[in-house]
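Each remark here refers to the structure printed beneath this line.
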Amino acid sequence: MIRRPTAESIAVAVDILGNGGLVAVPTETVYGLAADATNREAVRRIFAVKDRPMGHPLIVHLGRSAQLDRWCSDVPDDARTLVDAFWPGPLTMIMPSNGKVAPEVTGGRTTVGLRMPDHPVTLDLLDAFGGAVAAPSANRFGKVSPTTAAHVERDLDGDVDLILDGGPCRIGVESTIVELGGPIPQILRLGAVTAEQIAGVLGREVLAEPVGPARASGMLDSHYAPACAVHVVEDRDEAMALVAQLWNRGEGPVDLLDPEATGDEWAHELYGWLREADERRLRSLVVVPPSADGVGAAVRDRLAKAAAPRS
Ligand code: TXA
Ligand code: MG
């Protein structure tokens with residue numbers, strides 16, 4: 001059920017979280033499916049509702065940056081620097097866990113992902129709740145993330161106790177994930193905070209590409225995928241030729257997604273556009289992606305994963 005955020009609905013949400021329920025919450029990136037991060041049963045319910053394999057850990061959301069020390073055994077200096085620069089905001093840091101979150105949250109890892117979201121409704125909720133919430137994106141595993149309350153309702157209605165409507169998400173793609181604690185900070189998922197910005201603030205090298213064994217679902221090949229087939233083509237003429245070819249091959253209905261839009265606009269609209277393609281029952285969508293500047297790199301990354309072969 002969707003509720004407008006008021007003092008009353010936020011109090012209801014706090015109650016639900018305290019009783020081990022699930023609340024869909026707005027953030028500046030995408031909507032999250034939140035549960036008390038210390039409640040094992042509640043956290044298990046997140047995995048069940050999302051159909052998410054247990055090995056994929058959840059991001060823990062904090063209401064205040066000073067709460068870092070509550071969940072982390074040893075806060076790296078880099079983390080404090082990044083918090084000052086980017087929190088509240090679309091940056092998740094992977095850090096040593098002190099074991100106080102439910103083990104399901106970290107999937108048995110020794111690390112925990114922490115972020116402070118930049119949305120007044122969810123910050124109010126976290127403040128009133130007092131604890132931290134584990135919150136993956138509020139969609140089924142592998143599918144397109146929700147950027148409005150209506151998206152959440154379409155995907156999860158009935159499986160979530162309350163949806164707080166905080167309006168459309170300002171950024172529209174998931175947070176940047178950076179792994180700290182190794183010799184060189186490493187980006188595990190691209191987002192609105194860029195590798196260059198992180199390197200600039202830290203004054204040292206940052207690995208801008210995820211490498212090594214996959215340890216974030218953003219590192220899976222196929223993810224963020226609508227029902228229709230997605231084809232990414234760099235050049236507009238080539239894209240139009242492919243549209244014609246797909247029609248001829250019987251892979252229609254087909255449409256071309258090639259908006260006049262900045263990287264920020266692309267990020268804001270991307271998941272809505274992919275959802276719309278499914279609502280229109282397209283079989284194929286041919287996309288000319290934005291340039292890789294700023295959040296454009298994250299948009300390109302999500303499109304590549306939406307276009308990847310599915311198992
Ligand atoms: O913007 C966001 O980050 C949104 C909003 C709701 O905050 N949340 C989000 O959650 O995108 P989710 O579950 O869809 O993606 C979380 C990612 C996963 O790829 C997971 O593997 C990674 O974070 N992650 C969480 N904890 C981790 C850990 N300890 N080590 C490595 N990766 C971790
Ligand atoms: Mg997700």
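For the chain, the mean residue ellipticity at 222 nm estimated from helices alone is -10500 deg cm²/dmol, where every DSSP H run of n ≥ 4 contributes -39500 (n - 2.57) and the total is divided by all residues, rounded to the nearest 500. Taking N as the residue count of segment 48-149, its C-alpha radius of gyration divided by 2.2 N^0.38 Å amounts to 1.07.
Computed from label points 7 Å out along Cα-Cβ, the spacing between Ala308 and His56 is 1.1 nm.
Counting charges near Val43 (Lys, Arg +1; Asp, Glu -1) among other residues having Cβ under 12 Å from its Cβ returns a value of +2. Note on the chain: Rg/Rh from Cα positions, Kirkwood definition for Rh, rounded to two decimals, is 0.97. Computed over protein heavy atoms with a 1.4 Å probe, the accessible surface of segment 1-118 works out to 39 Å² per residue. In the full protein context, segment 205-311 carries 51 Å² of accessible surface per residue, based on a 1.4 Å probe and ignoring ligands, DNA and RNA. Pairwise Cα distances in segment 100-178 exceed 17 Å for 56 percent of all pairs. Accessible surface of segment 142-208, 1.4 Å probe: 50 percent of it comes from carbon and sulfur atoms.
Of the peptides 123-134, 141-152, the order by per-residue mean of other Cβ atoms within 10 Å, starting with the highest, comes out as 141-152, 123-134.
Straight-line reach from Lys100: taking Cα to Cα under 26 Å and skipping same-chain neighbours fewer than 8 places apart, the lysines in range are Lys50. Relative to the longest principal axis of the C-alpha atoms of the chain, give the angle of the C-alpha long axis of helix 296-307, reported between 0 and 90° and rounded to the nearest 10°. That helix lies at roughly 70 degrees to the long axis. Could you state the angle between the C-alpha long axis of helix 120-129 and the longest principal axis of the C-alpha atoms of the chain, as a value from 0 to 90 degrees rounded to the nearest 10? Helix 120-129 sits at roughly 30 degrees to that axis.
If both residues of a DSSP beta bridge must be in the chain, then about 45% of such bridges are antiparallel. Would you tally the net charge around Pro103, using a Cβ to Cβ cut-off of less than 10 Å, leaving Pro103 out, and scoring K and R as +1, D and E as -1? So the environment of Pro103 carries a net charge of +1. In this entry, segment 25-76 is assigned a mean projected area of 4.7 nm², taken as a quarter of its C-alpha convex hull surface.
The values are calculated or read from the model by the stated rules, or taken from the named source; none is laboratory data. If you're wondering where the values come from, they're calculated on a predicted model, not measured in any experiment. Glycine gets a Cβ as well: all are built from the backbone with ideal geometry, and neighbour counts include every protein chain shown. These accessible areas exclude ligands, DNA and RNA; they are computed on the full protein's heavy atoms, side chains included. Shrake-Rupley method; radii C 1.70, N 1.55, O 1.52, S 1.80 Å.
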